[in-house]
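The values are calculated or read from the model by the stated rules, or taken from the named source; none is laboratory data. Every value quoted in this text rests on a predicted model; they were computed, and no experiment measured them. For neighbour counting, all protein chains shown are included, and Cβ atoms are generated from backbone atoms with ideal geometry for every residue, glycine included.
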Amino acid sequence: MKTSRNVKFRHAARKTARYATLACSVFTVILTLATGSGTAIAAGGNSAADADRALAAAAENRPVVPNFWDPRAVQDRPKDLPEKIQFLASDDFPPFVFRDTDGRLTGFNVDLARAMCQDMGASCALKIVPFDDLVPSLVAGEGDAIIAGLAATTALNGDLTFTQDYMKLPARFMVRAGDRESFDETHLTGQRIAVVAGTRHERFALAFWPDVPLRTYPSPERAREALLSGDADAVFDSGLALATWLGSEDANDCCALAGGPWLEPGHFDEGLSIAVRKTEPELAEALTYALRKTATNGTYRELYLRYFPISFF
């Protein structure tokens, strides 16, 4: 790999931009202490200390609950809120929408939709359809909104309008538990980083860390095995996937997330949002209003801690 002052400068500049993004972000970071009480830190863009406190909380293993709403923005209650909404979703997307052991529909998206409807005073229902049929079903008028982990991609923008994102999916590092304190994501020289071949995480690592020895593996399972066996020093992958695995019995308290969330534009900035038909921007506005309400009244925080006990932020 080529090493040059320019590469090192770009690396440093990108790192600086990432921390600036945390400080001047579009979301407020809420640090929830182990006691259950929380201190809200408005990351409005005036102080890097807010980002430092968020990173310190993560380093101390305190849950970090994201809030993707600018605390300075004011959104008036829409005049015409919907009286009822038929949501569409698929039931194979845990922990967002899935069936519990008794076959009951549950998940973060399910409870989030319910809370939004309460805030709007609307009656709501949830219809389950296969994931590939979600967009055709919405366009055909079989529902009013899709809450199923869609991102506002160019391919979908022709038919759909989206709310503001209610969840981002950052990349994270995972290391062995004993290495958590010493791992420094700003100094990766000599570190063997495991990535899954063909993923955006591999592409990002190749572009941003050209001098770091990557270990590529065909699956997330193989990448994690490399970390456990000592063939790799860290895994760079989806923060959600890593956090979910850390909460499983298979992890057996072996490992921990390290460093901060990576949300670089063009790589990890696409988030989950609610989709409606292009002809109904007013409904998207009403749903965005309701999403913001769940953040300001504490419901979003409660649901995040319930379904993501190991925070991936």
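Does region 259-275 hold any residues that are touching a residue at least 40 places away in the same chain (Cβ under 8 Å) and over 14 Å from the mean Cα position of the chain (by Cα), and which are they?
Those that are touching a residue at least 40 places away in the same chain (Cβ under 8 Å) and over 14 Å from the mean Cα position of the chain (by Cα): G259, I274, A275.
Among the residues of region 167-184, is any of a type in the set (S, T, Y), part of a loop (DSSP other than H, G, I, E, B), out of contact with any helix residue (DSSP H, G or I) (no Cβ under 6 Å at 6 or more places or on another chain) and over 20 Å from E285 (Cα atoms)?
Going through region 167-184, the residues of a type in the set (S, T, Y) turn out to be 182.
If we keep only those that are part of a loop (DSSP other than H, G, I, E, B) as well, we get 182.
Subset that is out of contact with any helix residue (DSSP H, G or I) (no Cβ under 6 Å at 6 or more places or on another chain): 182.
If we keep only those that are over 20 Å from E285 (Cα atoms) too, we end up with 182.
The answer is yes, given that some residue of region 167-184 is of a type in the set (S, T, Y), part of a loop (DSSP other than H, G, I, E, B), out of contact with any helix residue (DSSP H, G or I) (no Cβ under 6 Å at 6 or more places or on another chain) and over 20 Å from E285 (Cα atoms).
Here's a check for you: in region 195-251, which residue that is of a type in the set (G, A, S) and part of a strand (DSSP E or B) is nearest to S182 (Cα to Cα)?
Going through region 195-251, the residues of a type in the set (G, A, S) turn out to be 197-198, 205, 207, 219, 223, 226, 229-230, 232, 234, 238-239, 241, 243, 247-248, 251.
Applying the additional criterion that residues be part of a strand (DSSP E or B) yields 234, 238.
Working: A234: 12, S238: 21 Å.
Once the filter is applied, the top-ranked residue is A234.
When the residues of region 179-194 are narrowed to those that are among the polar types (S, T, N, Q) and either exposed (fewer than 15 other Cβ atoms within 10 Å of the Cβ) or in contact with a Ser or Thr (Cβ under 9 Å, 6 or more places away or on another chain) (or both), which ends up nearest to T216 (Cα to Cα)?
Of the residues in region 179-194, the ones among the polar types (S, T, N, Q) are 182, 186, 189, 191.
Subsequent filtering for residues that are either exposed (fewer than 15 other Cβ atoms within 10 Å of the Cβ) or in contact with a Ser or Thr (Cβ under 9 Å, 6 or more places away or on another chain) (or both) retains 182, 186, 189.
Details: S182: 23, T186: 21, T189: 17 Å.
Taking the candidates together, the pick is T189.
Return the total of residues in region 259-281 being surrounded by fewer than 21 Cβ atoms within 10 Å (Cβ to Cβ), outside any strand (DSSP E or B) and out of contact with any Phe, Trp or Tyr (no Cβ under 6 Å at 6 or more places or on another chain).
So the answer is 9.
Mind listing whichever residues of region 65-84 are more than 29 Å from G247 (Cα to Cα) and part of a strand (DSSP E or B)?
Going residue by residue through region 65-84, those that are more than 29 Å from G247 (Cα to Cα) are 70-84.
Across region 65-84, the qualifying residue is only K84.
Quickly run through region 63-116 and pick out the residues that are of a type in the set (A, V, I, L, M, F, W, C), within 18 Å of L283 (Cα to Cα) and modelled with pLDDT of 95 or more.
Selection gives I85, F87, L88, A89, L112, A113, A115, M116.
Please determine whether any residue of region 99-109 is buried (at least 16 other Cβ atoms within 10 Å of the Cβ) and polar (S, T, N, Q).
Going through region 99-109, the residues buried (at least 16 other Cβ atoms within 10 Å of the Cβ) turn out to be 106-109.
Filter once more, keeping what is polar (S, T, N, Q): 106, 109.
Among the residues of region 99-109, at least one is buried (at least 16 other Cβ atoms within 10 Å of the Cβ) and polar (S, T, N, Q), which makes the answer yes.
Between P170, P210, which is in contact with a Gly (Cβ under 8 Å, 6 or more places away or on another chain) and either modelled with pLDDT of 95 or more or not aliphatic (A, V, I, L, M) (or both)? Talk me through it step by step, then tell me what you get.
On the way: P210 fails: in contact with a Gly (Cβ under 8 Å, 6 or more places away or on another chain).
Just a single option satisfies the conditions, and that option is P170.
Output the number of residues of region 85-136 satisfying the condition of being in a strand (DSSP E or B), of a type outside the set (A, V, I, L, M), farther than 24 Å from T296 by Cβ and in contact (Cβ under 8 Å) with a residue 12 or more places away in the chain.
First, pick out the residues of region 85-136 that are in a strand (DSSP E or B): 85-89, 93, 97-99, 105-106, 123-128.
Subset that is of a type outside the set (A, V, I, L, M): 86-87, 93, 98-99, 106, 123-124, 127.
After this cut, where a residue has to be farther than 24 Å from T296 by Cβ as well, the list is 86, 93, 98-99, 106, 127.
Filter once more, keeping what is in contact (Cβ under 8 Å) with a residue 12 or more places away in the chain: 86, 93, 127.
Going through region 85-136 one residue at a time, the tally reaches 3.
Quick grid of which residues meet (1) among the β-branched types (V, I, T); (2) in contact with a strand residue (DSSP E or B) (Cβ under 9 Å, 6 or more places away or on another chain); (3) free of Cβ contacts under 8 Å to residues at least 40 places away in the same chain; (4) within 30 Å of R277 (Cβ to Cβ):
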{"site": "L160", "(1), (2), (3), (4)": "no, yes, no, yes"}
{"site": "M174", "(1), (2), (3), (4)": "no, yes, no, no"}
{"site": "Q191", "(1), (2), (3), (4)": "no, yes, no, no"}
{"site": "V212", "(1), (2), (3), (4)": "yes, yes, yes, no"}
{"site": "P218", "(1), (2), (3), (4)": "no, yes, yes, no"}
{"site": "L227", "(1), (2), (3), (4)": "no, yes, no, no"}
{"site": "D237", "(1), (2), (3), (4)": "no, yes, no, no"}
{"site": "A243", "(1), (2), (3), (4)": "no, yes, no, no"}
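Might you let me know whether region 250-258 holds any residue that is within 23 Å of L150 (Cα to Cα), out of contact with any Phe, Trp or Tyr (no Cβ under 9 Å at 6 or more places or on another chain) and free of Cβ contacts under 8 Å to residues at least 40 places away in the same chain?
So the first thing to find is which residues in region 250-258 are within 23 Å of L150 (Cα to Cα), and the list is none.
The answer is no; no qualifying residue exists.
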